[in-house]
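Shown next, in structure tokens, is the structure this report addresses.
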Amino acid sequence: MLDNLILGFSTIATLPCTVAIIAGVIIGIICGALPGLSASTTVALMVPFTFGMDPIVAIVLLISVYQGSEYGGSITSIAVGMPGNPSAAVTVIDGYELTKQGKPGLALMISLIGSTFGGIAGAFVLFAFAEPLANVALSFGAPEYFSLAVFGLAIIASLAGDNLLKGFLVMFIGLFLSTIGLDGFTGEERYVFGVAKMMDGLGIIPCLIGLFAMATVFSEIENSMDSAIERIKVTFEKPDMKVVFGLWKVYLHSSIIGSIVGVLPGAGATIASFICYSEARRVSKHKELFGKGSLEGVAAPECGNNAVVGASLIPLLTLGIPSSATASVLVGALMLHNIQPGPLLFQTNGDIVYGIFAGVVMSSVAQLVFGLIGIPVWVKVISAPKPILLAVITVLSVIGSYGFNNSIVDVWIMLGFGVLGYVLTKINFPVTPIVLGLVLGGMMEENYRRALMVSGGDHSIFITHPISAGLLIVAALSLLSPLLYKKITKSTTT
Amino acid sequence: MKMKTFLISMIALLGMSVTSAQAAWPEKPITLICWSSAGSSHDLMARIVAKVSEEYLGQPIVVVNKEGGSGKVAMSYVLSQKPDGYTIMSNTRSMTELFPDTTGKLSIDDFKYVARMVRDPFVITVRQESPFKTIDDLIAFAKANPGKVTIGGFSVKSVDEGLVKDFEKAAGIKLNYIPYKGGSEPVVAVLGGHIDSVVSNPGEVNANFKAGKLRVLALATEERFAPFEDVPTLKEKGFPIVTEHWRGLMVSKDVPDEIVAKLNAAMVKVIAHPEFAQFLKNTNMYEGYMPGAEFAKLVKEQTAK
């Protein structure tokens, strides 16, 4: 085992690899922070640059970009309440709240330390548990994925804040919106209205930008009409590192969850970050702080989505199966460089496999270094005059949603969701449950129908499969536990 | 009089500039529209074609992804651009087969077909633990248990589903076709034992086939091919089914023939280039050059079905 470690680190201990890691992380952080450039898009855009490179340099570069952009997404989430990528959507809830309370430095530091911890934990899982976890990935069929989606939707109990009913309403809007596009089983068009672009459904990125960034801009414009705009005055103060590291339990907990979810093909970083958030809240001693600037609420999703980076490489390297959009780009890139990911890779290209492992570790370290340099800069950005900040956000929102797919339709979708987000906030409804519905709706519907096709229409398939049954029970518990918790605390106080 | 000379000279000038524009093509970077997402195997092909052909065209080719509606968005975009040969697009069988569906807005004749570039054949696969050792086992079981054998593939109304339907008809069996959103998803489901079999391209099964975790039962090609030399073709088994994916290049029908010819000449050189050959080998695809006229005929045949 030690030999493999040494092999891995010595493979990447070259000047080109070092440059690739540093450049990759910096590009990743910046692109991750920009809305519209998600991890998978950024990695895909980098692939052509690797054409002439040595395979290991190319792969290490792409993994560093992946790692950096999973962290980078949280920067804009925390600083301006606009998630840089879908997996940082849930970070907005508590991260942006902390910024409003004048503590952006602390939130950014927790996100960075959490991301680094998660990244290294993911690498460790990749190194030590690749084989057993690959079997976990294979044990998930259609009924299991359906139940996983149901479990994911049950997270609503932690996202909804005080009013579960409102949360449900908003989540169902998201579920409804996820049905737009071509029906995957009959080829029927649903709510397409003759727009060819709509056949693929609503892209998650323009929806996110609209819901968070554009909606914030609309709200701020309204505020500025009522009163003179107050400039948020924040200066960077060195956060109390005792507090940051005091969250180690959350980091550990979220790394484990992130690693397991990351292994499952089709689940990915966004679902992992939601589950980590909800689980962190479930075990937290300060549940009441969630949604009002909880430090754990920032640590959990950010740690979880970086743990996914290493874990998502497990099915890729051991089975040749991409487990996320980003991983499928990596498969393409590996094949371009004549490396066939799959069961034989450990034998044929051991240096590459352990080099990749070392690359995940070193990119986490590089991310820590450059992240630390970045934090005071981001804090300065927040203190920029509001009108300038809002103008920049608007421009970035339009460019980001257009650039996502070079389509003006996405810009209209983004603006539509901006209005939706604004209205929801105005009438005191939570916004994040829409994202939950959008992300999980397709997965749930597709696998429900597929499971019934396999079983010949027999619904018992969901409870006769043990993993599926287990997930459904946990879903029911996590949905009911807040209600029970409330009842118990009520009865003890009275 | 003066006006007349002016007009004549203008027309002459215009004519000259048109011919010289064609003669000099390409004078500026070319945009290659790809309807698949960045990083997909179709996109990778577009990018390698762009990279290699720069050497022969003397101008860079920029790949732009326009996803949506299985290629309808990309096709409408290409037709909306000036037909000057600076906007070209890569096409796939799954895209052109949609022509009958596109409610009269887009048709086969809106495009000129430059060249077919690659072929991607189909194979039928089960997992190692499967009781089906040969395609005959599968057929025999399916005959005795209609609709009991599940077979996965990519999407509905797709080439994959077409192949399954042809196979059912030829063998006189009934299978349970389960559509998936991507090409590798059903392969994962077979590996995990969630479905019995899968139709897919070799690239999706190769790694696990070599590792002995998957067993390829039949090939939907004319001849056997590497690395499946021990596997029979459906043809050998008496089912005349040959189904393959392909990818190529096309342009708007208003692009001058000279430019199409130049593009075609460049593509012939691209296919002969060692870097392109290496790309095909690495991604488990096969060279499938076909000149424009023949290519157009093939598209028409497959669409008419």
ask   = What single numbered condition from (1) at the interface with chain A (Cβ under 7 Å from one of its Cβ atoms); (2) crowded, with 21+ Cβ neighbours inside 10 Å fails to hold for residue B:156?
value = (2)
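Looking at region A:313-330, can you tell me whether even one residue there is in a helix (DSSP H, G or I), closer than 28 Å to residue A:52 by Cα and away from chain B (no Cβ under 14 Å)? Can you show your working first?
Within region A:313-330, the subset in a helix (DSSP H, G or I) is A:313-319, A:325-330.
Retained after the next criterion (residues that are closer than 28 Å to residue A:52 by Cα): A:313-319, A:325-330.
Imposing the further condition that a residue be away from chain B (no Cβ under 14 Å) reduces the set to A:313.
Checking region A:313-330: at least one residue is in a helix (DSSP H, G or I), closer than 28 Å to residue A:52 by Cα and away from chain B (no Cβ under 14 Å).
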message = Among the residues of region A:443-455, are any open to solvent by 20 Å² or more (accessible area, probe 1.4 Å) and assigned to a loop (DSSP other than H, G, I, E, B)?
response = no
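Would you check if residue A:369 is farther than 30 Å from residue A:122 by Cβ, in a helix (DSSP H, G or I) and more than 21 Å from the chain's Cα centre (by Cα)? Break it down stepwise before answering.
Numbers: farther than 30 Å from residue A:122 by Cβ: no; in a helix (DSSP H, G or I): yes; more than 21 Å from the chain's Cα centre (by Cα): yes.
Against the criterion (farther than 30 Å from residue A:122 by Cβ, in a helix (DSSP H, G or I) and more than 21 Å from the chain's Cα centre (by Cα)), residue A:369 does not qualify.
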inquiry  = I'm trying to understand the selection: among the residues of region B:198-225, which are over 30 Å from residue B:74 (Cα atoms), part of a loop (DSSP other than H, G, I, E, B) and within 14 Å of chain A (Cβ to nearest Cβ)?
reply    = B:211, B:212, B:213
Qualifying positions in region B:163-187 - open to solvent by 30 Å² or more (accessible area, probe 1.4 Å), more than 12 Å from every other protein chain (Cβ to nearest Cβ) and closer than 17 Å to residue B:121 by Cα = B:165, B:166
ask   = Only one residue in A:64, A:87, A:74, A:38 is within 14 Å of chain B (Cβ to nearest Cβ) and closer than 28 Å to residue A:274 by Cα. Which one?
value = A:38
ask   = In region A:131-141, how many residues are open to solvent by less than 20 Å² (accessible area, probe 1.4 Å) and more than 22 Å from the chain's Cα centre (by Cα)?
value = 1
key: region A:142-186, residues that are in a helix (DSSP H, G or I), within 14 Å of chain B (Cβ to nearest Cβ) and either surrounded by fewer than 20 Cβ atoms within 10 Å (Cβ to Cβ) or in contact with a Ser or Thr (Cβ under 6 Å, 6 or more places away or on another chain) (or both)   = A:143, A:144, A:147
key: Pick from region A:251-266, criterion open to solvent by less than 10 Å² (accessible area, probe 1.4 Å) and within 14 Å of another protein chain (Cβ to nearest Cβ), ranking: modelled with the lowest pLDDT   = A:264
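State all residues of region A:403-438 that are free of Cβ contacts under 8 Å to residues at least 12 places away in the same chain and open to solvent by 50 Å² or more (accessible area, probe 1.4 Å); if no residue qualifies, say none. Steps first, answer last, please.
Taking region A:403-438 as the starting set, the residues that turn out to be free of Cβ contacts under 8 Å to residues at least 12 places away in the same chain are A:406, A:408, A:412, A:423, A:427.
Once the filter is applied, which keeps residues that are free of Cβ contacts under 8 Å to residues at least 12 places away in the same chain and open to solvent by 50 Å² or more (accessible area, probe 1.4 Å), region A:403-438 yields A:408, A:412, A:423, A:427.
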task = Quick one: residue A:52 ticks every box in (1) in a loop (DSSP other than H, G, I, E, B); (2) within 14 Å of chain B (Cβ to nearest Cβ); (3) surrounded by fewer than 24 Cβ atoms within 10 Å (Cβ to Cβ); (4) in contact (Cβ under 8 Å) with a residue 40 or more places away in the chain except a single one, so which number is it?
result = (4)
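Of the residues that sit in region A:187-196 and are in a loop (DSSP other than H, G, I, E, B), out of contact with any Lys or Arg (no Cβ under 8 Å at 6 or more places or on another chain) and modelled with pLDDT under 90, which one is farthest from residue A:79 (Cα to Cα)?
Initially, region A:187-196 is screened for residues in a loop (DSSP other than H, G, I, E, B), giving A:187-188, A:191-195.
Now drop any that are not out of contact with any Lys or Arg (no Cβ under 8 Å at 6 or more places or on another chain), which leaves A:188, A:191-195.
Checking the rest, the ones that are also modelled with pLDDT under 90 come to A:188, A:192-195.
Values: A:188: 42, A:192: 36, A:193: 37, A:194: 39, A:195: 36 Å.
Per the criteria, the residue is A:188.
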message = Here are the criteria: (1) under 23 Å from residue A:204 (Cβ atoms); (2) of a type outside the set (S, T, N, Q); (3) not in a helix (DSSP H, G or I). Tell me which single one residue A:458 does not satisfy.
response = (1)
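The values are calculated or read from the model by the stated rules, or taken from the named source; none is laboratory data. The structure presented is a predicted model; accordingly, all values stated were derived computationally and were not measured. With ideal geometry, Cβ positions are generated from the backbone for all residues, glycine too; neighbour counts draw on all protein chains shown. All accessible areas refer to the heavy atoms of the entire protein, side chains included, with ligands and DNA or RNA removed. Shrake-Rupley method; radii C 1.70, N 1.55, O 1.52, S 1.80 Å.
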